[in-house]
Structures are given as C-alpha cells and as structure tokens.
1. I want to confirm something. Restricting to region 127-136 and keeping residues that are outside any helix (DSSP H, G or I) and among the small types (Gly, Ala, Ser), which single residue is surrounded by the most Cβ atoms within 10 Å (Cβ to Cβ)?
2. Out of SER351, SER398, report the one residue that is over 21 Å from GLY511 (Cα atoms) and modelled with pLDDT under 95.
3. Cβ contacts < 7 Å: first residue in contact (Cβ under 8 Å) with a residue 12 or more places away in the chain, restricted to region 527-553; second residue open to solvent by 30 Å² or more (accessible area, probe 1.4 Å) and part of a helix (DSSP H, G or I), any location; separation 6+ or different chain. Result?
4. Take the residues of region 553-598 that are part of a loop (DSSP other than H, G, I, E, B), open to solvent by less than 60 Å² (accessible area, probe 1.4 Å) and touching a Leu at 6+ places or on another chain (Cβ under 8 Å): which is nearest to ASP640 (Cα to Cα)?
5. Search region 377-403 for residues being assigned to a loop (DSSP other than H, G, I, E, B) and aliphatic (A, V, I, L, M), and hand back the single one that is surrounded by the most Cβ atoms within 10 Å (Cβ to Cβ).
6. Here are GLU547, GLU576, GLU554, GLU611: which of them is acidic (Asp, Glu) and at pLDDT below 95?
7. Is region 411-420 home to any residue that is surrounded by fewer than 21 Cβ atoms within 10 Å (Cβ to Cβ) and either modelled with pLDDT of 95 or more or under 23 Å from the mean Cα position of the chain (by Cα) (or both)?
8. Looking only at region 314-334, which residues are in contact (Cβ under 8 Å) with a residue 40 or more places away in the chain, open to solvent by less than 10 Å² (accessible area, probe 1.4 Å) and under 18 Å from the mean Cα position of the chain (by Cα)?
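The values are calculated or read from the model by the stated rules, or taken from the named source; none is laboratory data. Keep in mind that this is a model prediction, so the values were computed, not measured. Glycine also receives a Cβ, built like all others from the backbone with ideal geometry; neighbour counts cover every protein chain displayed. Ligands, DNA and RNA are excluded from the accessible area calculation, which covers all protein heavy atoms including side chains. Shrake-Rupley method; radii C 1.70, N 1.55, O 1.52, S 1.80 Å.
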Amino acid sequence: MDAIGRAEEVEASADVPALTVDATGEPAADPESAPAPEPEVEQETTHDADTSASEPSPDPEPAPDPEPAPAIESGSAESPPSPPSAVETPRRTVGQAIAERLAAAGARFAFTVPGESFLGLLDGLEGAGVRIVATRHEGGAAFMAAAASRLMGKPQLCLGSRAVGAANLAIGIHAARADSVAMVAVVGQVRREHRGREAFQEADLVGSIGRLAKWAGEADDPLGALALIDQALARATEGRPGPVLVSVPEDLLDKMLPASTGTSRHRSPLPTAAALPPDPDAVRAALRILASSKRGVIFAGGGVLAANAGRRLLRLADALALPVIAAWRRPDVVPNGHPLYLGMAGYAAPSTVLPRLLEADAVLVIGCRLSEVTTFGYQVPAAGSRWVHVDMEPRAGSAGLPPAAISIESDAGRFVDAAYSILRGAAIDAESRAQRMALAEEDRQAFTEARVVDAGDWDGPGVHPGRVITELGKALSPDAILTTDAGNFGGWAARGFRFRRAGTFLGPTSGAMGYGLPAAIAASLALPKRQVVALTGDGGFAMTMVELETAVREGVAPLVLVFDNQRYGTISMHQEREGRQVTGTLLGPIDFAAAARAFGADGHTVERDEELPDVLRDALASGRPSVIHLRLDPRWVSVDQPAIMPDSPGSSASDMASAP
C-alpha cells in the first residue's frame, strides 16, 4: 500500500495569496483567514512541538504572521516617494522614458558612481521618483543593488560609466548571478559615432562584463533602447532570476522620442514557471517518494525565500514528518527555533548536517541550486538517495550528479501549495510518519548540541568570537537583518546565530569580500525601521569601508562588527593546512574605530568579552552608523579550529601560548 493513499485530485490555486503591507509598513495578517484542513492520518499521531529539555524553547511564532515580504517599509522619512503614474507625456527623452519604465517595474533605488556617459538617465531617474544613491565605488553600488533587489523582490539599479565603471560593477553582477537575484545594471557606452575608434574607455561591454550577467544587450537607436529595457526586465525576472546588463550609448539618452511613445509597464512576454501550477501527477509522485522514506529530508534554498514560502514549507514538513536543512547562506529559510530545523549546510555547518544528508534515502531539493559549497563538494545527494528537484530551472544530469527521480519546474511556493492541497485529501501512513518524527527529534537534539559556539573559558587577549554571536542574538529583535562578508569569522554566526524570521539574512554565495557593509546600507535604506548589523573581517571591511560615508550622508544607521585578526585568515589557514609558507596573507593594524569616526560614523573598540554588551546596546540605540572594532587573537582560526577547545574549560591564553 502506498504511504499516501490516492485521493480525489485537488490542484493548488493558480494564485499564491498575496502578501499585503499595512499602513505601518509591516506585513499584514495572513490572508488565509481559515486554516486548511490537516491531512488525514490513518491513526491518531501526535507531535510535541516542544524541543527537548536541554534545548531552549523555540521563539513563539504568531500563527497569523506571514513571512516578511520584500518591500519598502512605509511611514519613514527615509522611504523614497512612489513613482508617478504611468501616463503618456507629450515629448520625453530616451533617458526619461527608460527611467519611467524601470520605475514602473519596481525600481526605487539607483546606486552609482555618476559618469558623464549617462547624465541623461540620471535626469530621468530623478524625475521618475527613483532615489539616486551616490556611492564611493561602483563595486559598493553593485553590492547595494543586489542586496536591495533581494530584500525588495523587485530589480533595483546600479549604474556605471563605460569600461571602467562596468569593470567595477562586475563583482556585484557576479554576486547577483550566484544568488539568483534580478538586478539591472545600466552602463553608459561611448557615443555611437565613436565606436571602434578606441574612444575614451571604450570596450565591448556586452561581450565582456555582460557575460557575467544572465543576459546583456546594447541599444543602437531610440525606440530600440526602450524595447531593450523591456526585454532586459523580462529576462531578469523570468525563469531563474538573475542580473542583466544594458549598455546605452551616451548620445542616445538625450534624444527626443515621438510624442506618441507611451510609457509601458513591464510585462513578461511569456508565462513562466512562477505563473503556472506544477504538474499534479509529478507532485503526487514526489509525495509518494517522500512519504515512503525512512530518513527523508527537505533541502531548502533561496527559491523558498524568494517565494515567501518558508512557513508553508514547514507546514508540509510537519505533515510528512520530514526535517529541513537549509542550503548554504540560506539560514533564514525557516525559523530556526522550529523542532524540524536541522541547520545550514556548507562552510561551518554543525557536524551533524552532512551525515544526516548522506544517510537520507529521499531528499526534496527545493529552490536550491546544489552548488559546490552547499553539497559539501558535490557529496549531496548521495548515490543511494532518491531525490526530487523542484526549481525554476531544475538541474539536468551532469558529471557526478545522479539524475533526479523527479524534476519539477516550478516556483517553490506553488509546489508547496500544490503538495499540501493533495495531502489534504490523502491518507498518510501513521506508522512511518511516527517513526520519522521520532528520528527527527533525535536529530534535533544532536544538532542543538553541535551548534554551540560560545563554550570554553577564555580570558583574552581579544574577544571570544562565539560569545560575540551569543550577545548579538540577545541584543537584536527577531526582525533584525544580519549581513555577512566572506571569511572564516562568519563561521561562528553560520553555526550559532538563531534566525527567527525569514528574509533576515544577506550573504553572497559568490564568496565575494567587501559585501557586508554595502549590503547593510542597502538593507537600512530599503527597511529603515529595522535593526541592521553587518559582520565583517578586517580584510573584507577594509575593501569597502569608504561606504561608511555613504551611510552617513544617506542618513541610515547600520552597525558593523569588524572581527580583526590582522590577516586574510581563510587563505592563511589553507597555506598552513597544505604545508605551504604563510606569505601574502598577513596584514598590518588599522584602527577601525578611528577610521569610522573619520568618515563621520561612531567608532568603538572592544578588547574583552565583558566590554561588549554595553557597547553593543549603546551602538544599536544611537541611531547613527557605528563600527565596533573587535580585537581577535589570530589563534581563533575558525569555528572548527578555535583558540580553546570546548571540552577543555580550563584552557586560557597562557595555556595556548605554546600551541602549534
């Protein structure tokens, strides 16, 4: 007998309930006012939502509170004005028309180092109600646009001038592509009559930097420029989202358009997987695989976040008694206090995560690209696992990847809705479900013990990085946004920070250094009522710390924690592990607190654990951009190579002085 009895066919509604925002700018109550009937269980089965006695109780989750929607919070002086209504105007320039179309598609911010090649577009954006944020470097602008696009769910803009501006935007374009973020990069190109004559800063932008994007194109006439923008917006948002690059010659932007040229709102030219319900027969087949498993697991990625489907995924997980593991740098995909959450995969994952994935006999991979880091070097899915891939662009068979038992091209939210609708009319085998739930409770206990990062007796020099994360968790509100840079310092947060709401973490899967501060500035602009904290190392922070002045000028107040071990720690770790000479990775001292003050922000230095709580509280309450410079002993190599061992509570700095 199937673990799920075949029942009357019920398809999910073609429309996922929309998330509305009330007058305060916060998500309104869940529009599903009447809960759907739970799946029928053949015999009564209970599931105690409380965790074991040794684990802190999960934070209460208000039933009607939906996941935070990507949207700008209203009711703040920092919120940009809405764009004007789409109306036909007598005569407009190409730059004005492009700006209107971008605004109509949801652009509210344009991050840029201004250049003379796109002055006509700047004029248009200002008139269209798009807030122009001047940055200190195009790399910071692109990081900000990528972060804002991800938080707001609409493509935001970064602008650069010709070859040099585009080259600096490249790191953020690459980061947006890795994170499947729809973003628009507009680059001013040399004048059309000068192409091919080695014009100032000339380059083939589409064939060079454009190849990092999902799609790229260049305009060559006024009306073609408008069509190109429409095409770019469609390409950015259809299928697997991604960044697009649009190159516009300088001389086009001030050309006048015919009076008959109207303003069009962006429309995707073809129905996409996001707009269509998944094949119900494929969904049923997937559910049979999952419901008949003994050690099944759900592997959830950024597609779940993009679809605002975390809570609905947990409802499905509970019905099937399947635990949830987050893809790398997607730790906020579901509230971490839920008893079925088993941690995040990838770098700094708790020791329980990889074994649990490898022993799974069935895996639902949903909204996840199965990258190298997420799969622990392509070990997951294991050869013996039957796996189902639900994604806007499901993975085809490739070298080393066993073919999926079922591939479903679908938005994660629509799949979850369809699956739960089918389960409502199905009979779930109670015995197998009870067995999975009992094992999941054991898994949760093991995970809870493995995620501890603040153990051990440390009295300096410098701070205990795990205790920093513990204090941060105490100080922040549930909806605070955490951003992170690249580096080993992030391992303590990856393992030990407890995310309580979806959409509260920003970290690049591209591994780009310098992302943390620009992302925090973008989050503070897009969601000005939220606490925003950036976690950075000294190497990554120094790459973009000039953007502190941007934060000061724009009137936003992110807090930056700089873990300073005076080295490129991850690379020096690899040098030592491989028996190589430690060269090129040791850095000199920087007084980051003084640097912050020089940029107009607040700066603090913390050298001992007991100093942190008061400094952290004051910085969060200041309403100003602040930097806390954390002195870190270089012996804290990583969360898996600490300066003290958790099982040696008597260890101290003096004990470790002779350690290798």
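1. Restricting to residues being outside any helix (DSSP H, G or I) and among the small types (Gly, Ala, Ser), the top hit is ALA128.
2. That would be SER398, the only listed residue that is over 21 Å from GLY511 (Cα atoms) and modelled with pLDDT under 95.
3. Final answer for the pair search is GLN531/LEU620.
4. In this case the residue turns out to be ASN565.
5. VAL380
6. GLU576
7. no
8. The answer is ALA327, PRO331, ASP332, VAL333, VAL334.
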